[in-house]
Amino acid sequence: MAQVVGAYFTSHVPAIGGAIQRGDQEAGYWKPFFDGFPAVHEWLAEMRPDVAVCFSNDHGLNFFLDKMPTFAVGAAPEYQNADEGWGLPLYKPFAGHPELSWHIIEGLVEDEFDITTCQQMLVDHALSIPFELAWPDTDSWPVKLVPIGINTVQHPLPSAKRCLALGRSVHRALASWPGDERIVVIGTGGLSHQLDGARAGFMNPDYDRFCLDALASDPDALTRDSIPEMVRKAGTQGVEVLNWIAARGALGPGAREVHRNYHLPISNTAAATVLLEPA
Ligand code: DHB
Ligand code: FE
């Protein structure tokens with residue numbers, strides 16, 4: 001039987017890609033963030049996942065403001081990275097797992113989620129940066145990818161409660177998958193940040209700590225705020241924590257934290273990296 005071995009969460013600030021390209025991991029500005037990653041590398045070496053089910057948000061690469069699926073599930077044999085304007089290097093292609101994608105899609109539709117299925121999908125920095133952080137300097141990614149996109153960009157956004165329910169439905173699908181894959185679930189983005197408007201640069205360590213503390217033990221606590229309330233507390237882009245909430249649901253009912261790193265700012269973002277294991 002397939003096994004969900006754990007969950008990996010990290011921020012996806014594009015500037016991280018530039019720091020990696022320059023080899024700035026030990027530079028003063030970047031070190032406190034990159035110091036969170038040896039533990040991730042050791043954990044992944046121990047967990048040996050062969051599939052990653054990754055919850056992230058598209059930033060205008062596949063879906064622009066004219067067409068915006070609330071939930072989009074990739075079902076492609078391969079996903080290409082493309083740069084939506086940050087000047088990042090192009091990362092190597094991501095092998096898909098269409099059979100597992102369709103199994104997840106069928107489970108979600110059976111659970112009455114009205115999703116968009118994507119047999120072609122590009123992946124942006126929200127996926128390539130967390131992968132490059134997790135598996136640096138590899139010739140090919142050691143996991144097959146099932147990407148799940150959540151609209152955190154164009155209002156109205158799905159509620160946190162709906163995102164947690166989506167993740168839980170994905171967990172049920174993973175639990176009923178007859179393959180013997182070892183699956184890591186990934187949530188990217190956040191934590192608090194705001195890139196535009198009057199509050200540009202806004203971060204909220206108190207709210208971030210609340211999210212990090214509840215993630216493992218009480219994810220339902222993260223679903224009590226409305227989206228406007230989450231925007232107020234986390235910033236307009238801090239709502240990317242919806243990806244974390246969905247990934248937490250996909251991990252399964254119980255979880256324990258095995259690693260946490262939190263540092264701000266990285267660019268305009270309060271950056272966090274977390275590992276959870278099923279409890
Ligand atoms: C930044 C953060 C993001 O989540 C993103 O998608 C783009 C930029 C930033 O802090 O620079
Ligand atoms: Fe983002």
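The values are calculated or read from the model by the stated rules, or taken from the named source; none is laboratory data. Since we're looking at a predicted model, the values are computed, not measured. Note that we place each Cβ from the backbone using ideal geometry, even for glycine, and neighbour counts take in every protein chain shown.
In the list PRO205, PRO228, PRO219, PRO253, which residue meets the criterion of being under 22 Å from ALA175 (Cβ atoms) and either surrounded by fewer than 16 Cβ atoms within 10 Å (Cβ to Cβ) or among the β-branched types (Val, Ile, Thr) (or both)?
Details: PRO205 fails: under 22 Å from ALA175 (Cβ atoms); PRO228 fails: under 22 Å from ALA175 (Cβ atoms); PRO219 fails: either surrounded by fewer than 16 Cβ atoms within 10 Å (Cβ to Cβ) or among the β-branched types (Val, Ile, Thr) (or both).
Only one candidate qualifies: PRO253.
When you scan region 59-92, how many residues do you find that are buried (at least 17 other Cβ atoms within 10 Å of the Cβ) and within 16 Å of ligand 1 (Cβ to nearest atom)? Step through it out loud before you land on a result.
Taking region 59-92 and keeping what is buried (at least 17 other Cβ atoms within 10 Å of the Cβ), we get 59, 61-63, 68-76, 79, 81, 83, 88, 91.
Still in the running and within 16 Å of ligand 1 (Cβ to nearest atom): 59, 61-63, 68, 81, 83, 88, 91.
Adding up the residues that qualify gives 9.
Condition check ((1) free of Cβ contacts under 8 Å to residues at least 40 places away in the same chain; (2) within 16 Å of ligand 2 (Cβ to nearest atom)) across all residues:
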| residue | (1), (2) |
| --- | --- |
| VAL5 | no, no |
| THR10 | no, yes |
| ALA15 | no, yes |
| GLY28 | yes, no |
| VAL53 | no, no |
| LYS67 | yes, no |
| THR70 | no, no |
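If we scan region 185-198, do we find a residue that is hydrophobic (A, V, I, L, M, F, W, C), assigned to a loop (DSSP other than H, G, I, E, B) and crowded, with 24+ Cβ neighbours inside 10 Å? First the steps, then the outcome.
Here is the first cut: in region 185-198, the residues hydrophobic (A, V, I, L, M, F, W, C) are 185-186, 191, 195, 198.
Subset that is assigned to a loop (DSSP other than H, G, I, E, B): 191, 195, 198.
Now drop any that are not crowded, with 24+ Cβ neighbours inside 10 Å, which leaves 191.
For region 185-198, residues hydrophobic (A, V, I, L, M, F, W, C), assigned to a loop (DSSP other than H, G, I, E, B) and crowded, with 24+ Cβ neighbours inside 10 Å: present.
What pairs can you find where one residue is in region 178-199 and farther than 19 Å from ALA255 by Cβ, the other is of a type in the set (Ser, Thr, Tyr) and more than 16 Å from ligand 2 (Cβ to nearest atom), and their Cβ atoms are less than 9 Å apart, with a gap of 6+ or different chains?
Close Cβ pairs satisfying both conditions: SER192/TYR207.
Could you list all residues from region 116-160 that are part of a loop (DSSP other than H, G, I, E, B), within 16 Å of ligand 1 (Cβ to nearest atom) and not polar (S, T, N, Q)?
If the condition is that a residue be part of a loop (DSSP other than H, G, I, E, B), within 16 Å of ligand 1 (Cβ to nearest atom) and not polar (S, T, N, Q), then ASP124, VAL153, LEU157 are the ones that fit.
When the residues of region 1-37 are filtered to those that are part of a helix (DSSP H, G or I) and among the aliphatic types (A, V, I, L, M), which remaining residue is nearest to ligand 1 (Cβ to nearest atom)? Write out each step before concluding.
At the first step, the residues of region 1-37 found to be part of a helix (DSSP H, G or I) are 15-22, 31-34.
Going one step further and asking which of them are among the aliphatic types (A, V, I, L, M), we end up with 15-16, 19-20.
Numbers: ALA15: 6, ILE16: 9, ALA19: 12, ILE20: 15 Å.
Step by step, filter region 1-37, then rank; the result is ALA15.
Given the criteria under 15 Å from the mean Cα position of the chain (by Cα), at pLDDT 95 or above and more than 15 Å from ligand 2 (Cβ to nearest atom), does LEU164 qualify?
yes
Just give me the residues in region 38-58 being touching an Asp or Glu at 6+ places or on another chain (Cβ under 6 Å) and either surrounded by fewer than 16 Cβ atoms within 10 Å (Cβ to Cβ) or part of a strand (DSSP E or B) (or both), in sequence order.
Matches in region 38-58: VAL51 only.
Considering each of PRO93, PRO98, PRO77, PRO136 in turn, give the residue that is of a type outside the set (D, E, K, R), touching an Asp or Glu at 6+ places or on another chain (Cβ under 9 Å) and in contact (Cβ under 8 Å) with a residue 12 or more places away in the chain. Working first, answer last.
On the way: PRO98 fails: touching an Asp or Glu at 6+ places or on another chain (Cβ under 9 Å); PRO77 fails: touching an Asp or Glu at 6+ places or on another chain (Cβ under 9 Å); PRO136 fails: touching an Asp or Glu at 6+ places or on another chain (Cβ under 9 Å).
Among PRO93, PRO98, PRO77, PRO136, only PRO93 is of a type outside the set (D, E, K, R), touching an Asp or Glu at 6+ places or on another chain (Cβ under 9 Å) and in contact (Cβ under 8 Å) with a residue 12 or more places away in the chain.
Any idea which residue in region 209-241 is nearest to LEU276 (Cα to Cα), counting only those that are of a type outside the set (Val, Ile, Thr) and within 15 Å of ligand 2 (Cβ to nearest atom)?
At the first step, the residues of region 209-241 found to be of a type outside the set (Val, Ile, Thr) are 209-222, 224-226, 228-230, 232-235, 237-238, 240.
Pick out the ones that are also within 15 Å of ligand 2 (Cβ to nearest atom) and you get 230, 234-235, 237-238, 240.
Numbers: MET230: 23, ALA234: 22, GLY235: 25, GLN237: 23, GLY238: 21, GLU240: 18 Å.
Taking the candidates together, the pick is GLU240.
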